[in-house]
Structures are given as structure tokens and as C-alpha cells.
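Trainee: Input: one structure, supplied below.
The values are calculated or read from the model by the stated rules, or taken from the named source; none is laboratory data. Keep in mind it's a predicted model, so treat the numbers as computed, not measured. Heads up, the Cβs are rebuilt from the backbone with ideal geometry, glycines too, and the neighbour counts pull from every protein chain shown. These area figures cover heavy atoms from the full protein model, side chains too; ligands, DNA and RNA do not enter into them. Shrake-Rupley method; radii C 1.70, N 1.55, O 1.52, S 1.80 Å.
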Amino acid sequence: MKIVVIGGSGLIGSRLVNQLREHGHEAVAASPNSGVNTVTGEGLAEALKGTLVVVDVSNAPSWEDAAVMKFFETSTRNLLAQEATAGVRHHVALSVVGTDRLLQSGYFRAKMAQENLIKASSIPYSIVHATQFFEFIKGIADISTVDNKVPLPPVLIQPMAADDVARAVGRIAVGPPVNGTVEVGGPEQFRLDELVRRYLEVRKDPRQVVTDPHAHYYGIEVSERTLLPGDDARVGEMRFETWLSQQSQSPSAKQPVRKAG
Ligand SMILES: NC(=O)c1ccc[n+]([C@@H]2O[C@H](COP(=O)([O-])OP(=O)(O)OC[C@H]3O[C@@H](n4cnc5c(N)ncnc54)[C@H](OP(=O)(O)O)[C@@H]3O)[C@@H](O)[C@H]2O)c1
């Protein structure tokens, strides 16, 4: 089966393309790097020829409120219009658990707009809501740092490995459209402050996490369960400590700075 992965060069996209190919699918990585731009429309019609499934795991280059909204609205509109022309039968998009509870942030308002466009379109779809990636924990620390301290609220979080996110998205992409939202999360729950503290400790990062029930998560007021998926969530396999030890064993252990999401 030909499957076009929009954002196929990204953290999730590159893993997804590899996993789909390992399962014998013709996975096409589509992104500006390979001449496919969903914002300008460049290369899109050509890339979608003969495909029944499109997976959108792209992300906006800028997270400023207006820019991120423009990205997800324009990109999703272009994509869905071209999919209708190409006869695509399943649109899969990756979004974030609790998006509708995080609308204080411009990023999540843009993700909500993306989801609403998908739901209103004529293309059968599956929206995958994933929890925060382990690979994104450094981004949470970075955005929360003030004067070398990291104030964070002790709310619950159920993060997961990017490999598990890609696996979950891949399984859904090769199945029938659910015309709804599927939640995926990690196998364990943590307190956000403790998770980031542990990550920084293992990375020998001197920043100190300060537990503060009033601190914000990404500029958003969150309560105990805001970031958690529901009881029906599909659960990934990789445990946090296993992932951490794999990171420190790898020669390229330094994580790139992840933005948000
Ligand atoms: N971070 C989290 O914890 C988290 C949790 C749940 C869900 N998510 C969601 O997961 C998704 C993927 O995130 P990620 O971290 O894997 O993203 P990422 O690594 O930042 O990759 C972004 C991808 O988008 C592509 N892209 C950028 N502009 C594009 C355009 N105009 N047209 C087509 N493709 C474009 C990039 O292509 P180039 O390389 O060619 O520039 C790249 O392949 C996001 O939508 C995010 O909301 C994130």
C-alpha cells in the first residue's frame, strides 16, 4: 500500500516511514526537504498520485500564535483539498492528548483548528492523540527555565517514546478510518516535576526543578489530570528508565532542542 507521510523527515515521521517500509508498505516521506510543501502546495498533487492513505505528522516551523495557526490552517486545507482530488480514502493526523483542555496556548488552538478542518472534510479520517514524547522532556525543561531554575507543577503526565508513537500511528494508518480520535500514551504515569527532575539529573544538567503547584506547563494552567489520556488509551511499551538508559548509551545522546506539542 502506498502511504504518504507528510512531515516524513521529522522525529515521528522518519520513524513512521521506516516502520511502514519494514512492514512492506510503500511509504513516501513528503516534506519541504523532499520538495513537498503543504503550505505553498508545491509538489503536493504529484506526491499524492495513486495513494489511498495520507498521514500528517508535520509540525510548524514557528510556534508564535499567528504563525502556528496560519501553518496548520493553510497546510490542512491544502492537504485535504488535494486529497479529495487524488481520491485519498484515509487521512490520519497526529495531535496531542488534551488539546481541547489546553486552548490557553496558541499552539493548541492551532492544533484544534487542524482537527476541526479534518472533521469537517469529506475524507474519512483518524486523529491520533498522543501524550508528550520522552524526546520532548528537554523542551519542557527549556521553556520552563527561569534563572537556571525550572518551576513545574506536580501534575500527572503519561509520556511515551517517539518509537511507540510512530508504531501506534502506523497501525492506525493501515487500518480502516475510525472517523474519530484514538488516544495513545506511555505505560507509566509520573508527576511532571519529578519526570523533568529525573531527566535533568541523568543528563547531568545542573538546572534545579522547583515544585510549584501554581507554575504553568507551557504557559498553560493545568490541573492534576489535564495531560492524561482516558482509560481507553492504547499504551506504548517503552518505559522511561529504559529509554533514558538507551539515550545515555548512545554516542549521539544529546537530544535536539524540541519545541512544544
Ligand atoms: N512533542 C510532543 O510531545 C507531541 C505530543 C503529541 C503530538 N505531537 C504532534 O506530533 C507532530 C509531529 O511532531 P514532531 O516532533 O515529529 O515534528 P518535527 O520533528 O518538528 O518535524 C516536523 C516535520 O514537519 C515538516 N514540515 C514543516 N513545514 C512543512 C511544510 N510546509 N510542508 C510539509 N511538511 C512540513 C518538516 O519537514 P522538513 O524537515 O522538510 O522541514 C518535518 O518533517 C506534531 O504535529 C505535534 O503536534 C507532539
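Trainee: When you scan segment 147-178, how many residues do you find that are β-branched (Val, Ile, Thr) and more than 16 Å from the ligand (Cβ to nearest atom)?
Mentor: 3
A quick yes/no check of all residues on (1) hydrophobic (A, V, I, L, M, F, W, C); (2) open to solvent by less than 40 Å² (accessible area, probe 1.4 Å); (3) within 30 Å of residue 105 (Cα to Cα):
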{"site": "4", "(1), (2), (3)": "yes, yes, yes"}
{"site": "21", "(1), (2), (3)": "no, no, no"}
{"site": "31", "(1), (2), (3)": "no, yes, yes"}
{"site": "36", "(1), (2), (3)": "yes, yes, yes"}
{"site": "65", "(1), (2), (3)": "no, no, yes"}
{"site": "69", "(1), (2), (3)": "yes, no, yes"}
{"site": "81", "(1), (2), (3)": "yes, no, yes"}
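Trainee: Can residue 208 be described as under 19 Å from residue 241 (Cα atoms) and in contact with a Leu (Cβ under 9 Å, 6 or more places away or on another chain)?
Mentor: no
Trainee: Then there is this: Step by step: first the residues of segment 7-18, then only those that are over 19 Å from residue 91 (Cβ atoms) and near the ligand (Cβ under 10 Å from one of its atoms), then the one that is nearest to the chain's Cα centre (by Cα). Which residue is that?
Mentor: Residue satisfying both the conditions and the ranking: 11.
Trainee: Which of the residues spanning segment 79-107 are in a helix (DSSP H, G or I) and in contact (Cβ under 8 Å) with a residue 40 or more places away in the chain?
Mentor: 79, 80, 82, 83, 85, 86, 101, 106, 107
Trainee: Follow-up. Please verify whether segment 215-226 includes one or more residues that are open to solvent by less than 10 Å² (accessible area, probe 1.4 Å) and part of a loop (DSSP other than H, G, I, E, B).
Mentor: No: zero hits.
Trainee: Of all residues in segment 19-74 being in contact (Cβ under 8 Å) with a residue 60 or more places away in the chain and within 17 Å of the chain's Cα centre (by Cα), which is farthest from the ligand (Cβ to nearest atom)?
Mentor: Checking each candidate, the answer is 19.
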